[in-house]
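The values are calculated or read from the model by the stated rules, or taken from the named source; none is laboratory data. Keep in mind the model is a prediction, meaning the values are calculated, not measured. Positions of Cβ are generated from backbone atoms using ideal geometry, with glycine treated the same way; all protein chains shown enter the neighbour counts. Ligands, DNA and RNA are stripped out before the accessible areas are found, and what is left, the full protein with its side chains, is counted by its heavy atoms. Shrake-Rupley method; radii C 1.70, N 1.55, O 1.52, S 1.80 Å.
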Amino acid sequence: MFNLLRMDLYRLVRSKSVYICLASLMAASLLCFWMVWLIDTPEGQETAARLGMTAEIADTEDEGFHVAISGEKVSLLEGYNTLLMFREIGMDGGAYVFIFGIVIVLFFCSDYSSGFMKNIISLHRRRWMYIASKLIAAAILDLCYLAICLGFCLLLNVLFHNLVPAAPAADFLFYLGHIFVITMGFAALFLLICTFTRSTAAGVLAASVLSIGILVTLFGYITGLFGLNQWVSYTLYYNQTYAPSAYSGMADLKGYAVGAIFLALYAAASAAVLTRKDI
């Protein structure tokens, strides 16, 4: 399996999609910080005025403040820190899982489209090792993506003169561990879909639908009409979107358990499908 993993990592490093998707995540972070800077700082408001926008802070009785841009009021809540900014940029809404999922799908399906799959399976009779290699490579990529995106977010906060206060390091470690397990659960799900369909289009469609919770929201609403929507809190999407930002008790570890269980189930299902299907 070591040779398989080494080959997978070599292909990931040389894959253009890895860098294009990473650049997309970093561009989203830059855009978000720039917009907040335009709205929330005197220098940004002057820049906004030169660009044809008018920014004006209006005091209110509610917590936070309102900003008027071109006559339209939008609310910018107080209480943000670097961790909440990191979450708002792409984690909670599913943007990170979607972009990461596209990379994973292209990586998984390339073996089928290039014809390498037959050669790989002919050399490695234990097909579960192939699944394990793919997931380990995906985990390494996931860790690199999360670390780079977080580091870039912290760097942007410094470059924009500390727009938000820094979050405690312990909160970052807890949340990153949580979101890593959840995203690996998604990666195993995308691997299962690609293994079953052998289609890049099906994998990308699944990543776009599942990462932003369309199915969970739809079925959750339908089952909620009958009071049967308790299952929603045990889905990957729910634990991705409503993950706790800090550890306060054993209940906050539920996301770790949900992600680990789905990761194991989808990995085992992928190995079973690959064993039963002809290449």
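Side notes on the structure shown:
- Among (1) closer than 19 Å to Arg126 by Cβ; (2) modelled with pLDDT under 95, the one test that Ala264 misses: (2)
- Residue match in the range 191-213 (condition: farther than 28 Å from Tyr19 by Cα and under 20 Å from the mean Cα position of the chain (by Cα)): no
- Total residues in the range 211-226, condition open to solvent by 40 Å² or more (accessible area, probe 1.4 Å) and either over 16 Å from Gly101 (Cα atoms) or not β-branched (Val, Ile, Thr) (or both): 8
Yes/no per residue for (1) closer than 18 Å to Leu106 by Cα; (2) surrounded by fewer than 14 Cβ atoms within 10 Å (Cβ to Cβ):
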| residue | (1), (2) |
| --- | --- |
| Leu173 | no, yes |
| Phe196 | yes, no |
| Val232 | no, no |
| Arg276 | no, yes |
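- The range 6-27, residues that are under 18 Å from Tyr96 (Cα atoms) and small (Gly, Ala, Ser): Ser17, Ala23, Ser24, Ala27
- Lone unmet requirement of (1) within 15 Å of the chain's Cα centre (by Cα); (2) without any contact (Cβ under 8 Å) to a residue 40 or more places away in the chain; (3) within 15 Å of Phe98 (Cβ to Cβ) for Cys144: (3)
- Restricted to helices (runs of 4 or more DSSP H) entirely inside the range 66-172, those with at least 1 residues that are modelled with pLDDT of 80 or more are 82-86, 95-114, 127-159.
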